[in-house]
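First the structure, in the form of structure tokens, and then the observations on it.
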Amino acid sequence: MNSEQTFRIAVLAGDGIGPEVMAEGLRVLEAAAKKFSISFEFDHQLVGGAAIDAVGRALPAETLAACEQADAILFGSVGGPKWESLPANEQPERAALLPLRKHFGLFANLRPAICLPELTHASPLHPRLVEGGFDVLCVRELTGGLYFGEPKYIKSENGEDFAVDTMIYWESEIRRIAKVAFEAARNRRKEITSIDKANVLQNGILWRRVINEVSRDYPDVTLKHLYVDNAAMQLIKNPKAFDVILAENLFGDILSDEMAMIAGSLGMLPSASLGESTGGSTGGPTGGTTRFGMFEPSGGTAPDIAGQGIANPIAQILSCAMMLRFSIGRADAAEAIENAVRAVISSGLRTGDIHTPEARLVGTAEMGAAIAAQI
Ligand code: IPM
Ligand code: MG
């Protein structure tokens, strides 16, 4: 890797708590960049409701162009009550987030749900189920299935409306997301639980067949299949039994929220949305090559606490670590951030979402500063 290289990052902070937590993500990223001699150029761009208010659309052409010029996208969050009454296809989620995923072919969504041993109290599950913490990785297919399948419409017939969404998966789409999951599992406990609804859906039958085929190339990884309804139940019953969960788009959307909740706080969970590999070595768990990606916290805009300086910035900070690992190829700097987060949690600092009486309550900026100082 060329140490003189400057990486260009498109920064799309968006709405709600997005700008507050993004500021802390960048603060920590800058500390890591300095320590590991990585050079970044940040290109701040409008997205979501903020872009609607400023220029009339959620994903301005200028923002998209800036993303095209970048090595990676750092995303905050979009949406909020102010824009909910707009026509559906102008709303921030539909008009910015989904098009970004599709445009850049970000088919692989990695959502690690890590419940740190110090934070098990924040999980709504019984303490005996989460004692010692747990670490589950959801690998969600992100550009196929019901989200994007055509036809997709609402029409009227005989005076009654009806709606159609199409669930479609090509073998090649299933195979490429399966490979990401199997590669990731190889760097973990080597267990995959593949999710489907093969007892009802044709998609489930094909999904299961292709996953079984791919698994033959990974004899060291144990594969199990679960129907999605059963998986939703088993996750609550025994989260520690899971290592990697592999799911299509909608099932992954639903299960990853469930995982976020049982891990304690949405404010702790980062995510990476990755495209095909672009070359270079990551030393990371997606097959060892860098990929263009978009990195964002899983938690959303949290309008109820926006602007108060109390949101947990850790999800955004850990998303920056994922960017370093997957798009920049610097697992060393990524680990430094992850270790700094653990150290600061161990030292007893807590934002409101994970607070207990004996810990020290801090705001967004103080948490970010403490993590940056730890690097
Ligand atoms: C997510 C979100 C999005 C999704 C919404 C905001 C469109 O829930 O990233 O999980 O459904 O993918
Ligand atoms: Mg979701």
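Each reported figure results from applying straightforward, stated rules to the coordinates on display, with no laboratory input. Every value quoted in this text rests on a predicted model; they were computed, and no experiment measured them. All Cβ positions, even for glycine, are placed from backbone atoms using ideal geometry, and neighbour counts span all protein chains on display.
Points worth noting:
- Close amide H pairs (under 5 Å, H built 1.01 Å from N) link ARG8 with GLU41, ASP71, residues at least 5 positions away or on another chain.
- Whether the chain is rounded, prolate or oblate, judged on the alpha carbon gyration tensor where a/c under 1.5 counts as rounded: rounded
- Helix-only mean residue ellipticity at 222 nm for the chain, each DSSP H run of n ≥ 4 adding -39500 (n - 2.57), per residue, nearest 500: -11500 deg cm²/dmol
- Pairs with C-alpha atoms separated by more than 25 Å, drawn from the list LYS152/LYS224; LYS102/LYS152; LYS102/LYS179, are LYS152/LYS224.
- Taking the Cα centre of the chain as reference, the dipole from Cβ charges on Lys and Arg (+1) and Asp and Glu (-1) amounts to some 980 debye.
- For the range 1-146, projected area of the alpha-carbon convex hull averaged over all directions, nm²: 11.8 nm²
- The alpha-carbon of LYS197 sits under 14 angstrom from the alpha-carbons of these aspartates and glutamates, leaving out residues fewer than 8 places away in its chain: ASP229, GLU248.
- Stretchable slack from ALA373 to ARG8, in nm (0.36 nm times residue separation minus alpha-carbon distance): 129.0 nm
- Sum of side-chain charges, PHE42 neighbourhood, beta-carbon under 15 Å (Lys, Arg +1; Asp, Glu -1): -2
- Prolate/oblate/rounded label for the range 218-329 (Cα gyration tensor, a/c 1.5): oblate
- Ratio of Rg to Rh over the range 124-263 (Cα coordinates, Kirkwood Rh, two decimals): 1.04
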